[in-house]
Amino acid sequence: MTLQGLYDAWDMLPSDDERLEYLVALGGQLAPMTAEDKTTENAVLGCAANVWIAPNYAGDKLDFAFASDAKIVSGLLFILSLVFNGKTRAEALEVDADAVFKRLGLDDILTSNRIVGVASAVEKIKNSL
């Protein structure tokens with residue numbers, strides 16, 4: 001899936017409840033993270049749920065592994081995978097993840113704790129570059 005594909009599918013959903021269901025379904029598409037990557041170093045602080053982001057590199061392209069024990073958070077991490085994976089470090093530093101989440105209207109359907117958690121996850125990604 002591409003970010004544009006996500007936008008297209010998202011825009012066809014008529015209600016916030018259906019968008020939250022879709023977010024949960026997206027989380028199910030995250031590639032499993034190895035137990036070795038679920039370390040304290042890869043843990044994201046500031047999230048109510050357990051979240052891990054493990055930086056990996058395929059040549060000069062980013063390939064982060066993401067995991068959470070919360071279904072909605074897993075969906076948010078799937079979106080972050082679309083935003084950051086496949087980019088170079090320089091491209092990733094220029095990414096405006098807030099704009100992506102604003103485009104999806106997630107501020108309107110997520111709790112403030114989830115919004116803070118997403119910001120913490122983006123900060124973790126950018127600090128690892």
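The values are calculated or read from the model by the stated rules, or taken from the named source; none is laboratory data. What you see is a predicted model, and the numbers here were worked out from it, not measured in a lab. Cβ atoms come from the backbone with ideal geometry, glycine included; neighbour counts cover every protein chain shown. Heads up: the accessible areas ignore ligands, DNA and RNA and are worked out on the full protein's heavy atoms, side chains in. Shrake-Rupley method; radii C 1.70, N 1.55, O 1.52, S 1.80 Å.
Applying both filters, DSSP loop and at most 16 other Cβ atoms within 10 Å, to the GluC sites (Glu not before Pro) of the range 8-54 gives Glu41.
Over 19 Å, how big is the tail of the calculated P(r) for the range 1-120, in percent of all Cα pairs? Here the long-distance tail beyond 19 Å is 46 percent of all Cα pairs in the range 1-120.
Within straight-line reach of Lys126, meaning a Cα separation under 12 Å, sit the following aspartates and glutamates at least 8 residues removed in sequence or on another chain: Glu91, Glu94, Asp96.
Bridgeable lysines around Lys124 (alpha carbons under 19 Å apart, same-chain partners fewer than 8 residues away excluded): Lys38, Lys61, Lys87. Ligands, DNA and RNA aside, Lys61 has an accessible area near 80 Å² when probed at 1.4 Å. Both radii were evaluated on the Cα set of the range 1-54; the Rg over Rh quotient, with Rh as the Kirkwood radius, amounts to 1.08.
Considering helices alone, the calculated mean residue ellipticity of the chain at 222 nm is -15500 deg cm²/dmol, with DSSP H runs of length four and up weighted by -39500 (n - 2.57) and normalised per residue.
Starting from the Cα coordinates of the range 27-78, work out the convex hull volume and express it per residue in Å³.
Considering the Cα atoms of the range 27-78, their hull volume per residue is 85 Å³.
Suppose R0 equals 35 Å; then what is the FRET efficiency for Asp96 and Glu36 from their Cβ-Cβ distance, rounded to the nearest 0.05?
On the way: r = 32 Å, r/R0 = 0.91.
That pair, Asp96 with Glu36, gives E of 0.65.
For Thr111, the solvent-accessible surface computed with a 1.4 Å probe is close to 80 Å², ligands and nucleic acids excluded.
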